[in-house]
Amino acid sequence: MGFPVAPTHRSAGPLSLGMLAGEASGDLLGAGLLGALAAQGHAPRAVGVGGPAMRQAGLESLVPMDRFAINGFVEPVRRLPELWRLLGALERDVLSQRLDAFVGIDFNVFNLLLERRLKRAGMPTAHYVSPSVYAWRRGRIERLAQSADLLLCLYPFEPPLYSGSPVRAVYVGHPLADEIAPVRDRQPAAREARAALGVPPGHECIAILPGSRSSEISAMLPLFLEAARRLQVAVKPVTFVLPCPRPALLAPVRQALAAYADLHCIVDEAPARQALTAASAAFVKSGTSTLEAMLLRCPMVVSYRLGALSYQVVKRLLRTEFIALPNILAGRALVPELLQDDATPARLASALLVELDRSARDSEYQQACARLHDELRCDANSRAAQAIAELVEHRAP
């Protein structure tokens, strides 16, 4: 199904693309894709929506990306008329440009709606990052096929899920695995990162990653801080590092920390990588941060909490045994997961103590992380760029 498999190499030539990234993670993916297209000789012209990274890579912005910043459950409903107008305006602008193809980057609900409209109008469409159909709502496969000719997948287990559907699903690997060099001995980098963060010599270092949204900070940070308070009874001396790269979240983070003056906790305004490099182990909310921790060989305890009603709904929809990406990739419980009622401060602290001990003696864990890193390290930007070029070639008149 889908368009035919292309030759390995395509003659280079200019490409003009519509693109839309609605979040910071998509902005980085889009910039990497544009850079790889340029390196392959396609001199891409891109118009649409993106952040600073995509604009620096040459995107002509039609709408500021922050127009799509939405939090919670109420705001999307309240802003529905505005978003619907944006959808129509972008459809008209993209079609008027006579572009070679459109690439929607993650941001699934909005992008899939826009892609469906553009595909119906005859424009080749690609969607970069598969929705989590492996976890729940398998019915989205049919709807995605109505929107996208090409699906660029970050994980190797995703393309088989689309077998038999009209969409061509291509595994490209994960850019994060390309960006982070394989770690053979993490101790030298850990010492350097601890010094940069101001962790006192001789202190154990534990990272706390509660998430990057205000709702996640509210739900997860108090839980992790209570677990940290229990952990410090058994691990002395210890310094906790809490990365907070979003300025808007600094106030609620510091407010939560005010009730834990007994914790030696450094709030780091840089992205999480330095904290994960420095840490001997980490409390991590389920999400992409679990993948980054694995790539940096940082042992972790993964947790997540929802409201009681939301959790019951999600639990009934889930079609996967695990929620942590390292476990899904490994097909087994590589790292501990403590969810909902199991996510108590005492259990989190106890589990992290076990991980601290395992990190010192269990070489199999490090070897498993290395195998997964190698599997994901595929030069994702280049493979994604080649797939986009092939899409355009096979759909060209």
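The values are calculated or read from the model by the stated rules, or taken from the named source; none is laboratory data. A quick note: this is a predicted structure, and the numbers were derived from the prediction, not measured. Here the Cβ is made from the backbone with ideal geometry for all residues, glycine too, and neighbour counts use every protein chain on show. When the accessible area is computed, the model is the full protein with side chains, heavy atoms only, and any ligands, DNA or RNA have been set aside. Shrake-Rupley method; radii C 1.70, N 1.55, O 1.52, S 1.80 Å.
Evaluate the distance, in nm, between pseudo-label points positioned 7 Å from the Cα of Glu60 and of Ala39 along their respective Cα→Cβ axes.
2.6
From the protein chains alone at 1.4 Å, what is the descending order of accessible area for Lys236, Lys119, Lys285, largest first? Working shown, then result.
Numbers: Lys236 160, Lys119 55, Lys285 30 Å².
From most accessible down to least: Lys236, Lys119, Lys285.
Mind checking the full-extension length gain between Ser132 and Ser163? Use 0.36 nm per residue of separation minus the Cα-Cα distance, one decimal, nm.
Details: separation 31, 0.36 × 31 = 11.16 nm, distance 1.55 nm.
Value of the extension gain: 9.6 nm.
Under 10 Å, Cα contacts only: if you run a Gaussian network model on the chain, which one of Arg213, Arg297, Arg377 comes out with the highest mean-square fluctuation?
Largest GNM mean-square fluctuation: Arg213.
Could you work out how far helix 214-234 tilts from the main Cα principal axis of the chain, as a 0 to 90 degree angle to the nearest 10?
30
Enumerate the calculated ³J(HN,Hα) couplings along the range 164-170 in order (Karplus 6.51 cos²θ - 1.76 cosθ + 1.60, θ = phi - 60°), each rounded to whole Hz, writing x wherever the residue is Gly or Pro.
Along the range 164-170, the couplings run x, 9, x, 7, 8, 9, 10 Hz.
For the Cα atoms of the chain, what angle does the longest principal axis make with the long axis of helix 80-96, in degrees from 0 to 90, nearest 10?
Approximately 50 degrees, to the nearest ten.
Which one of Ala57, Ser132, Pro201 has its Cα pushed farthest toward the positive end of the charge dipole of the chain, where Lys and Arg give +1 and Asp and Glu give -1 at the Cβ?
Ser132
Place a point 7 Å from the Cα of Asp357 along the Cα-to-Cβ direction; which residues of the range 195-233 have their backbone N under 17 Å from it?
In the range 195-233, the label zone of Asp357 (backbone N under 17 Å from the point 7 Å along Cα→Cβ) covers 231-233.
Can you give the extra length, in nm with one decimal, that the chain gains between Leu250 and Ser214 once fully stretched, where that is 0.36 nm per residue apart less the Cα-Cα distance? Walk me through the numbers before you get to the answer.
Details: separation 36, 0.36 × 36 = 12.96 nm, distance 1.01 nm.
Additional length available on full extension: 12.0 nm.
Taking the chain as a Gaussian network, where each spring joins two C-alpha atoms under 10 Å apart, which residue of Ala346, Ala387, Ala46 fluctuates the most?
Ala346
Using a simple spin-label model with points 7 Å from Cα along the Cα→Cβ vector, what separation in nm is obtained for Asp341 and Ala259?
2.3
Rank-order 328-336, 47-55 by packing density, defined as the average count of other C-beta atoms within 10 Å over each peptide's residues, highest first. Let's see the in-between values first.
On the way: 328-336: 17.9, 47-55: 23.0.
Going from most to least packed, we get 47-55, 328-336.
For the chain, take the alpha-carbon Rg, divide it by the Kirkwood Rh, and send me Rg/Rh. If you can, show how the numbers build up before the last one.
Working: Rg = 21.9 Å, Rh = 22.3 Å.
Rounded to two decimals, Rg over Rh is 0.98.
How do Leu151, Leu29, Leu353 rank by accessible surface area computed with a 1.4 Å probe, from largest to smallest?
Leu353, Leu29, Leu151
Kindly write out, for the range 204-209 in residue order, the coupling ³J(HN,Hα) from the Karplus curve 6.51 cos²θ - 1.76 cosθ + 1.60 (θ = phi - 60°), rounded to whole Hz, with x marking Gly and Pro.
Coupling constants for the range 204-209: 5, 10, 10, 8, 10, 10 Hz.
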